[in-house]
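Enquirer: Take a look at the following structure, please.
The values are calculated or read from the model by the stated rules, or taken from the named source; none is laboratory data. The shown structure was predicted, so the numbers you read here are calculated from the model rather than taken from an experiment. No Cβ is skipped: glycine too gets one built from the backbone with ideal geometry, and neighbour counts run over all protein chains shown. Areas reflect the complete protein model, heavy atoms only, side chains present, ligands, DNA and RNA absent. Shrake-Rupley method; radii C 1.70, N 1.55, O 1.52, S 1.80 Å.
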Amino acid sequence: MRNGHLSYWWQALGGFPPRRASLPGPLEADVCIVGGGYTGLWTAYYLAGLRPQARIVVLEAAFAGYGASGRNGGWVTSELPGSRAVYASGRGGAAGVRAMEAELRATVDEVGRVCEAESIDCDFRRGGRLAVATSPAQLARLRTGLARLREWGDGPDVYTFLSRDETLSRINVAGALGGLYAPASARVQPAALVTGLAAAVERRGVQIYEATPVTEILPVGSGEVAEVGAVARTAFGDVRARSVLRCTEGFTARLPGSRRALLPMNSSMVVTEPLPAAVWKQVGWDGYETLSDEARAYVYAQRTADGRIAIGGRGVPYRFGSAVDHLGVTQQSTADALGGVLRRMFPAARDARLEHAWCGVLGVPRDWCASVSYDPPSGLGWAGGYTGHGVAAANLAGRTLADLAAGAPSALTSLPWVGHRSRAWEPEPARWAGVHGLYAVYRLADRLEASALDDRGGQARVLLGEALGRLGDVVSGIPH
Ligand SMILES: Cc1cc2nc3c(=O)[nH]c(=O)nc-3n(C[C@H](O)[C@H](O)[C@H](O)COP(=O)(O)OP(=O)(O)OC[C@H]3O[C@@H](n4cnc5c(N)ncnc54)[C@H](O)[C@@H]3O)c2cc1C
C-alpha cells in the first residue's frame with residue numbers, strides 16, 4: 001500500500017502537475033491571495049470576474065492543490081461549517097442562518113455549473129448525501145438531529161428520513177438501521193477540481209506563483225510599510241497590494257500572528273483497489289451518494305468514478321504545536337483502522353486490497369464556526385475554518401471574499417459568518433491535551449454504543465456513551 005505522496009487523487013491524475021514559476025521578485029498588485037487551495041482559487045476566480053482589469057496574484061507555498069483541496073474526501077456538501085446557535089447569535093439571527101444554509105445548498109450547483117462552464121473534468125456527480133445509523137444509539141441520535149432540523153424549518157426536500165430498507169436499497173451498509181438523506185450534495189475527484197480551477201483562474205488573467213511561501217503578512221501602514229498597501233513577505237521579495245487575502249486554512253498556524261487562530265486538524269483516508277462488478281452488485285451505491293456513519297468519530301466515504309471506495313476518518317487528530325504531516329504520510333494504525341471500518345461496513349469488499357493511504361489538515365476555529373472577513377483600513381482579509389466541510393463552503397467563501405475585497409456589497413456579504421470572530425486556541429500543551437482528550441472520549445463513547453449491541457446491560461452503556469459524547473460536544477463546542 002502506498003502511503004503519502006499527498007493522496008491517491010494525484011496518482012489517479014498521473015502524478016503532480018508541472019510546477020509553475022516562483023515569484024520572480026518584488027511586485028505590486030491590486031490583490032494578493034496567499035494560498036492556492038479552493039479558497040484562494042475561488043476567490044481569485046470570482047474577483048477576476050468582477051474586476052477584469054485588476055492585477056491579482058496568488059502566492060502558493062508548494063503548488064496549487066498541495067493542501068486539503070487536493071487530498072479530501074470529495075464531498076461537495078451543503079453542510080453548515082459551524083453551529084446554527086452561534087451564527088444565530090449574530091446580527092442576522094436565525095433568518096441569517098437559514099439564508100446561509102440556502103446559499104450553501106445553491107453552492108453545490110454553483111460548483112457544478114462552473115465545472116461545466118470551464119470544462120473542469122472532476123467527476124462531479126450530484127448524488128446527495130446519506131448518513132447511515134448502524135446501532136440503536138446512532139439511530140436515536142439521527143432521529144433527534146432530524147427533529148432539530150425540522151424545528152429550523154428544514155422539510156423533507158432538504159432532509160429525508162430513510163427506513164432500514166430504503167437505506168439498504170441505496171447502499172448496502174452492514175447493520176444499517178436507518179438513514180438520513182440530503183439531496184444537496186455531490187462528489188468530486190478533489191485534485192481534478194483544484195487543478196481545473198487553477199487553470200480556469202489563469203485563463204481569467206490571474207498569475208499563480210508556486211514554491212513561494214509567504215513568511216509574514218503586514219497590514220497597510222505598519223512600520224516600514226508605507227500607507228500604499230498591505231504586504232505579503234516572501235524570500236523572493238515583497239508583494240505589495242491594496243488587499244492581501246489569507247487563504248491558508250489548516251496551515252494558518254505557521255504564519256506569525258495567527259498561531260492560535262485555526263487548529264490544524266488531521267484527517268486520514270484510504271482507498272481500495274477497483275472493486276469487481278460482482279462486489280458492486282452486492283454493495284449497490286448506484287446513486288453515488290456521499291456516505292457517512294453516525295458515530296461520534298465518524299467516517300466519510302465516496303464511490304469513485306473508477307470503481308473504488310475511498311473512506312476517511314479522524315485518525316490521530318492533532319500534532320503537537322500545530323505541526324503538519326510530511327507529504328500526507330499517515331500512521332499505519334490509522335490506515336488499518338479505516339480498513340477495518342470499511343470491511344465491517346461492506347463485507348462484500350472484505351478481500352479488497354487497500355491501495356493508498358494519506359492524510360491532510362483542515363482548519364478548525366476554537367468555536368468550530370468558519371468565517372470570512374475583510375478589513376478595508378488594513379487591507380487584510382481571510383477565509384477558512386470550515387471544520388471538514390470546506391469543499392462547497394470554500395466556493396461560497398471565495399465568492400463572498402471577492403465581493404468584500406471588490407467593495408461590492410451583496411446578499412453574500414451580510415451572511416452570518418462574515419466578520420465572525422472566534423477566540424484563540426489555548427496554548428500548548430493544553431491544546432494538544434484537549435483535542436486528544438476529546439477524541440479519546442468520542443472513541444470510548446462509540447465503543448460503548450457498539451458493545452451495547454452484544455449483551456444485556458447494554459442500555460447502561462448506551463446511556464454512558466451518550467453522556468460522554470454530549471460532554472465532549474459541550475466542552476469542545478462541536479455543533480451536533
Ligand atoms: C483528508 C481530508 C478530507 C476532507 N474531506 C472533505 C470532504 O469530503 N468534504 C469537505 O467539504 N471538506 C473536506 N475536507 C476539508 C476541505 O478539504 C478543506 O476545508 C478545504 O480544501 C480547504 O481549502 P483551502 O483552500 O482553504 O485550504 P487548503 O486546500 O489547505 O489550501 C491552503 C493552501 O495554502 C498554502 N499555504 C499555506 N501556508 C502558506 C504560506 N505561508 N504561503 C503561501 N501558501 C501557503 C498551502 O500550501 C495550501 O496549498 C477534508 C480535508 C482533509 C484533510
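Enquirer: Please tell me if Leu404 is open to solvent by 10 Å² or more (accessible area, probe 1.4 Å), not in a strand (DSSP E or B) and not hydroxyl-bearing (Ser, Thr, Tyr).
Expert: Working: open to solvent by 10 Å² or more (accessible area, probe 1.4 Å): yes; not in a strand (DSSP E or B): yes; not hydroxyl-bearing (Ser, Thr, Tyr): yes.
Yes; evaluated as a whole, the condition is true for this residue.
Enquirer: Of everything in region 355-389, what is in a loop (DSSP other than H, G, I, E, B) and within 11 Å of the ligand (Cβ to nearest atom)? Give them in sequence order.
Expert: Ala370, Gly385, Tyr386, Thr387, Gly388, His389
Enquirer: Oh, and also: Any chance you could count how many residues in region 71-109 are within 12 Å of Ala184 (Cα to Cα) and either more than 14 Å from the ligand (Cβ to nearest atom) or small (Gly, Ala, Ser) (or both)?
Expert: Number of matching residues: 6.
Enquirer: Being open to solvent by less than 30 Å² (accessible area, probe 1.4 Å), under 18 Å from Val76 (Cα atoms) and away from the ligand (no atom under 12 Å from the Cβ): is that true of Thr413 here?
Expert: Criteria not met by Thr413.
Enquirer: Looking at this structure, is Val435 away from the ligand (no atom under 16 Å from the Cβ) and surrounded by fewer than 24 Cβ atoms within 10 Å (Cβ to Cβ)?
Expert: Considered against the rule, which asks whether it is away from the ligand (no atom under 16 Å from the Cβ) and surrounded by fewer than 24 Cβ atoms within 10 Å (Cβ to Cβ), Val435 comes out as no.
Enquirer: Now a separate question. Kindly list, by first and then second residue, each pair from a residue in region 394-417 that is aromatic (Phe, Trp, Tyr) to a residue that is open to solvent by 20 Å² or more (accessible area, probe 1.4 Å), limited to pairs with Cβ atoms under 9 Å and residues at least 6 apart or on different chains.
Expert: Listed pairs, sorted by first residue: Trp417/Gly90.
Enquirer: Looking at (1) of a type in the set (Lys, Arg); (2) away from the ligand (no atom under 16 Å from the Cβ); (3) within 17 Å of the chain's Cα centre (by Cα); (4) in a helix (DSSP H, G or I), which one does Arg447 not meet, given that it meets all the others?
Expert: (3)
Enquirer: Which of the following residues is in contact (Cβ under 8 Å) with a residue 40 or more places away in the chain and either in a strand (DSSP E or B) or open to solvent by 40 Å² or more (accessible area, probe 1.4 Å) (or both): Ala85, Ala102?
Expert: Exactly one of Ala85, Ala102 is in contact (Cβ under 8 Å) with a residue 40 or more places away in the chain and either in a strand (DSSP E or B) or open to solvent by 40 Å² or more (accessible area, probe 1.4 Å) (or both), namely Ala85.
Enquirer: Among the listed residues Gln282, Gln302, which satisfies the condition of being over 30 Å from Ala433 (Cβ atoms) and within 17 Å of the chain's Cα centre (by Cα)?
Expert: The conditions single out Gln302.
Enquirer: Which residue is surrounded by the most Cβ atoms within 10 Å (Cβ to Cβ), if the candidates are limited to region 333-352 and must be in contact with a strand residue (DSSP E or B) (Cβ under 9 Å, 6 or more places away or on another chain) and not in a helix (DSSP H, G or I)?
Expert: Phe346
Enquirer: Can you confirm whether Val391 is open to solvent by 10 Å² or more (accessible area, probe 1.4 Å) and either touching a helix residue (DSSP H, G or I) at 6+ places or on another chain (Cβ under 9 Å) or polar (S, T, N, Q) (or both)?
Expert: yes
Enquirer: While we're here: Answer yes or no: is there a residue in region 452-459 that is modelled with pLDDT under 85, more than 30 Å from Gln53 (Cβ to Cβ), open to solvent by less than 40 Å² (accessible area, probe 1.4 Å) and outside any helix (DSSP H, G or I).
Expert: Yes, because at least one residue in region 452-459 is modelled with pLDDT under 85, more than 30 Å from Gln53 (Cβ to Cβ), open to solvent by less than 40 Å² (accessible area, probe 1.4 Å) and outside any helix (DSSP H, G or I).
Enquirer: Another question, then. Examine region 285-296 for a residue that is within 14 Å of the ligand (Cβ to nearest atom), farther than 30 Å from Trp425 by Cβ and surrounded by fewer than 24 Cβ atoms within 10 Å (Cβ to Cβ), and state whether such a residue exists.
Expert: yes
Enquirer: Turning to a different aspect of this structure: Quick one: which of Ala68, Ala61, Ala48 is surrounded by fewer than 24 Cβ atoms within 10 Å (Cβ to Cβ), at pLDDT 95 or above and within 12 Å of the ligand (Cβ to nearest atom)?
Expert: Values: Ala68 fails: surrounded by fewer than 24 Cβ atoms within 10 Å (Cβ to Cβ); Ala48 fails: within 12 Å of the ligand (Cβ to nearest atom).
Only one candidate passes the filter, namely Ala61.
Enquirer: Enumerate the pairs (first residue in region 380-391 and in contact (Cβ under 8 Å) with a residue 60 or more places away in the chain and farther than 18 Å from Leu412 by Cα; second residue anywhere and open to solvent by 10 Å² or more (accessible area, probe 1.4 Å) and of a type in the set (Phe, Trp, Tyr)) with beta-carbon separation below 6 Å, excluding pairs fewer than 6 apart on the same chain, so at least 6 apart or on different chains.
Expert: Thr387/Trp368
Enquirer: Filter region 192-233 down to residues that are at pLDDT 95 or above, open to solvent by 20 Å² or more (accessible area, probe 1.4 Å) and acidic (Asp, Glu), then give me how many there are.
Expert: Within region 192-233, residues that are at pLDDT 95 or above, open to solvent by 20 Å² or more (accessible area, probe 1.4 Å) and acidic (Asp, Glu) number 2.
Enquirer: Can you tell me which residue among Ala241, Ala261, Ala232 is of a type in the set (Gly, Ala, Ser), in contact with a Gly (Cβ under 6 Å, 6 or more places away or on another chain), more than 30 Å from Asp351 (Cβ to Cβ) and within 16 Å of the ligand (Cβ to nearest atom)? Before the answer, list the steps.
Expert: Values: Ala261 fails: in contact with a Gly (Cβ under 6 Å, 6 or more places away or on another chain); Ala232 fails: in contact with a Gly (Cβ under 6 Å, 6 or more places away or on another chain).
The unique qualifying residue is Ala241.
Enquirer: Starting from residues that are in a loop (DSSP other than H, G, I, E, B) and either of a type in the set (A, V, I, L, M, F, W, C) or at pLDDT below 95 (or both), keep the ones in region 234-255 and report whichever is surrounded by the fewest Cβ atoms within 10 Å (Cβ to Cβ).
Expert: My answer is Ala235.
Enquirer: Would you please name the residue that is surrounded by the fewest Cβ atoms within 10 Å (Cβ to Cβ), looking only at residues in region 303-332 that are in a helix (DSSP H, G or I) and on the phi > 0 side of the Ramachandran plot?
Expert: Pass one, region 303-332, residues in a helix (DSSP H, G or I): 320-322, 332.
Keeping just the survivors that are on the phi > 0 side of the Ramachandran plot gives 321-322.
Values: Gly321: 12, Ser322: 22.
Out of the qualifying residues, it is Gly321.
Enquirer: Can you find, within region 19-45, the residue that is nearest to the ligand (Cβ to nearest atom) among those that are among the aliphatic types (A, V, I, L, M) and in a loop (DSSP other than H, G, I, E, B)?
Expert: Leu23
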